[in-house]
Amino acid sequence: MSPAFRAMDVEPHAQGILLEPFVHQVGGHSCVLHFNETTLCKPLVPREHQFYETLPAEMRKFTPQYKGVVSVRFEEDEDRNLCLVAYPLKGDHGTVDIVDNSDCEPKSKLLRWTNKKHHVLETEKNSKDWVRQHRKEEKMKSHKLEEEFEWLKKSEILYYSVEKKGNVSSQLKHYNPWSMKCHQQQLQRMKDNAKHRNQYKFILLENLTSRYEVPCVLDLKMGTRQHGDDASEEKAANQIRKCQQSTSAVIGVRVCGMQVYQAGTGQLMFMNKYHGRKLSVQGFKEALFQFFHNGRYLRRELLSPVLKKLAELKAVLERQESYRFYSSSLLVIYDGKEWPEVALDSDAEDLEDLSEESADESAGAYAYKPLGASSVDVRMIDFAHTTCRLYGEDSVVHEGQDAGYIFGLQNLIDIVTEISEESGE
């Protein structure tokens, strides 16, 4: 057990871990939170939890590492700011043994998130005027939140200028539109239920973006079917309609979100799922091209590694009997930070001295090939509607492989191959 959580036996309230918004979330409706630099946290869905605990060994390299379960509470700090705080599960401390909390934000240093409440005297709290005013303020906040979400839907593609110096994640802390949306919704849901319930289970997962300085993230909704076997008729009809009106029905994949760094302008471009649903097959291909393009040139060195990993994943899924990955996504991640190519006889000190500024200056003088740029990740995420015959309580048991998901993977491989061939690689 890590020191931070071992101390919970003595002083649990003081040792809670503040959960911050995960600034690189570009899709999905479930709130993903930052637990520490290498670990994320999201609400526990029994079916997804079961998937991670029974995951076939050969699929592990294509999913985030599962790190256990924590208890999350909705709390206020000393200034009455609302926040989410994680604690170990009582009587189940072993589930978080592999989590290093040394870089977690302690509860004593709470970030001021949202919904800040005013300090009032105890006598004022009990007055009818205060109650009436408080309800009015809460209604106004709720209305403002709805307006912000509507604005996000209309603003399907956004650009945000990033400072060359400074941590990108910290710059995005209060900006990433999709992360903000999911975080606000989670806070509101838990706040609405606070009178009836104030303790939730969250799962801990590997932060796939932690090793990248400027993560470029593509979230693809995979498969020709999105609704689970347990979906209501209304839910199923809604998901079928979304598939029919998007590239999901035609090629088995659609854009669910994107974050890509444009080196030419120093901006991050965000594309949300509402834009992704509108894309034609040609538009989908153009979006993929845009994801691998940094505003100055196509990152061709990324395409072969991506194709190799997609082919490996396809081969693995073709061997999985009875699995159906309904509504799951596929993430493609690479580093938007660029590095200049140096002479073959350059020593280690020369490499260490290279800075982002020198990279920009040398771009015109050398053949430019980013060092280590082939470090690209391909992972499956979101398994809340996954099923297989191992899940004994499921009323529907499927046979064979997930043809819809594999169909989407093959089409994705074909389109990336077209981009690679057309670019002259």
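Which one of Asn207, Asn238 is without any contact (Cβ under 8 Å) to a residue 12 or more places away in the chain and of a type outside the set (Gly, Ala, Ser)?
Asn238
For the stretch 1-29, how many residues meet the condition of being modelled with pLDDT of 85 or more and in contact with a Lys or Arg (Cβ under 8 Å, 6 or more places away or on another chain)? Give the steps one after another, and end with the answer.
Narrowing the stretch 1-29 to residues modelled with pLDDT of 85 or more: 16-26.
So of that shortlist, the ones also in contact with a Lys or Arg (Cβ under 8 Å, 6 or more places away or on another chain) come out as 16-18, 20-21, 23.
Summing the residues that are modelled with pLDDT of 85 or more and in contact with a Lys or Arg (Cβ under 8 Å, 6 or more places away or on another chain) in the stretch 1-29 gives 6.
Every residue, every condition in (1) β-branched (Val, Ile, Thr); (2) assigned to a helix (DSSP H, G or I); (3) open to solvent by less than 40 Å² (accessible area, probe 1.4 Å); (4) touching a strand residue (DSSP E or B) at 6+ places or on another chain (Cβ under 6 Å), yes or no:
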{"site": "Phe284", "(1), (2), (3), (4)": "no, yes, yes, no"}
{"site": "Phe289", "(1), (2), (3), (4)": "no, yes, no, no"}
{"site": "Val316", "(1), (2), (3), (4)": "yes, yes, yes, no"}
{"site": "Ser322", "(1), (2), (3), (4)": "no, no, yes, no"}
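Scan the stretch 279-317 for residues that are touching a residue at least 60 places away in the same chain (Cβ under 8 Å) and polar (S, T, N, Q) and jot them down.
Ser304
So, of the residues in the stretch 211-225 that are at pLDDT 95 or above and in a loop (DSSP other than H, G, I, E, B), which turns out to be nearest to the chain's Cα centre (by Cα)? Let's see the steps before the verdict.
Start the filter on the stretch 211-225 by keeping residues that are at pLDDT 95 or above, which leaves 216-225.
With the extra rule that they be in a loop (DSSP other than H, G, I, E, B), the set shrinks to 223-225.
Details: Gly223: 19, Thr224: 22, Arg225: 21 Å.
Only one residue fits best here, namely Gly223.
Test of understanding: among Leu298, Leu307, which residue is more than 23 Å from Gln25 (Cα to Cα), modelled with pLDDT of 95 or more, open to solvent by less than 30 Å² (accessible area, probe 1.4 Å) and of a type in the set (A, V, I, L, M)?
Details: Leu307 fails: open to solvent by less than 30 Å² (accessible area, probe 1.4 Å).
Checking each option against the conditions leaves just Leu298.
Search the stretch 267-282 for residues being more than 16 Å from the chain's Cα centre (by Cα) and either among the aromatic types (Phe, Trp, Tyr) or open to solvent by 40 Å² or more (accessible area, probe 1.4 Å) (or both), and hand back the single one that is nearest to His24 (Cα to Cα).
Selected residue: Gln267.
Only one of these conditions is not met by Asp97: (1) of a type in the set (Asp, Glu); (2) at pLDDT 75 or above; (3) open to solvent by 50 Å² or more (accessible area, probe 1.4 Å). Which number is it?
(2)
Between a residue in the stretch 210-226 that is open to solvent by 10 Å² or more (accessible area, probe 1.4 Å) and any residue that is basic (Lys, Arg), which pairs come within a Cβ distance under 6 Å, given they are 6 or more apart or on different chains?
Glu213/Lys337; Val214/Lys337; Lys221/Arg254
Kindly establish whether His49 is under 20 Å from Leu331 (Cβ atoms), touching a strand residue (DSSP E or B) at 6+ places or on another chain (Cβ under 8 Å) and modelled with pLDDT under 95.
Details: under 20 Å from Leu331 (Cβ atoms): yes; touching a strand residue (DSSP E or B) at 6+ places or on another chain (Cβ under 8 Å): yes; modelled with pLDDT under 95: no.
No: the conditions fail for His49.
Take the conditions modelled with pLDDT of 95 or more, open to solvent by 60 Å² or more (accessible area, probe 1.4 Å) and not in a loop (DSSP other than H, G, I, E, B) and apply them to Val250. Does it pass? So that I can check it myself, show each step before the final result.
Details: modelled with pLDDT of 95 or more: yes; open to solvent by 60 Å² or more (accessible area, probe 1.4 Å): yes; not in a loop (DSSP other than H, G, I, E, B): yes.
Here the answer is yes, as Val250 does meet what is asked.
Can you say whether Ser304 is part of a loop (DSSP other than H, G, I, E, B) and closer than 30 Å to Pro56 by Cβ, as far as the supplied structure shows? Reasoning before the result, please.
Working: part of a loop (DSSP other than H, G, I, E, B): no; closer than 30 Å to Pro56 by Cβ: yes.
No: the conditions fail for Ser304.
The values are calculated or read from the model by the stated rules, or taken from the named source; none is laboratory data. Small disclaimer: the values here were computed from a predicted structure and weren't measured. Because the Cβ atoms are built from the backbone with ideal geometry, glycine has one as well, and the counts that use them run over all protein chains shown. Please note that ligands, DNA and RNA were not included when accessible areas were found on the heavy atoms of the full protein model with its side chains. Shrake-Rupley method; radii C 1.70, N 1.55, O 1.52, S 1.80 Å.
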